[in-house]
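Asks: Please see the structure below; I have some questions.
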Amino acid sequence: MAFTGDWPHNSSLESYSRKGKPFYNRQMNFFLGMCLLTISSDPRYGKMLLYSVILKCLDPVLTIVAAMECRDPFILPVVEEERKKSREVKFFLSENTYSDHFVLLRLYQVCMDMVKRFRVESNFPLF
């Protein structure tokens, strides 16, 4: 399949601009590019963060990006029994979504719930 040079979102942005709403212009593209340059991360992750701000879902996406910048929390063990247990934990956290990003988000949420529970049970302020 040959690329024709026209992305699907270009036509929708142009039609949006023709309706009197100045969304697609060179100044906006320059501004978004400068925002991507200021984020000290992989450009794909920066793009995810910018889209999450636009779509108003910054908190979970920021958690996922931070988790993806670190090493993988699911290191495969050498022993087969431990591998099986690791796969079961990963499947439990995925909640049948088959998404690695969702697993990272759920892992963070479970850890934060455990921290809160520990703080309440032990009456020890961690933060």
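Asks: Starting from the Cα of GLU81, step 7 Å along the direction of its Cβ; do the same at LEU50; then give the gap between the two resulting points in nm.
Replies: The modelled label-to-label distance comes out at 5.1 nm.
Asks: Given a Förster distance of 30 angstrom, what is the FRET efficiency for LEU36 paired with THR97, based on the Cβ-Cβ distance and rounded to 0.05? Please report the intermediate quantities before stating the final value.
Replies: Working: r = 28 Å, r/R0 = 0.94.
Result of the calculation: an efficiency of 0.60.
Asks: Taking the Cβ of PHE102 as the centre, find all other residues whose Cβ is under 13 Å away and add up their charges (Lys, Arg: +1; Asp, Glu: -1). Let's see the in-between values first.
Replies: Values: positive: LYS90, ARG106; negative: GLU95, ASP100.
Residues close to PHE102 contribute a combined charge of 0.
None of the figures in this text is laboratory data; all of them are computed from the coordinates on show. The structure displayed is predicted, hence computed values, not measured ones. Don't worry about glycine lacking a Cβ; one is built from the backbone with ideal geometry, like all the others, and counts go over all protein chains shown.
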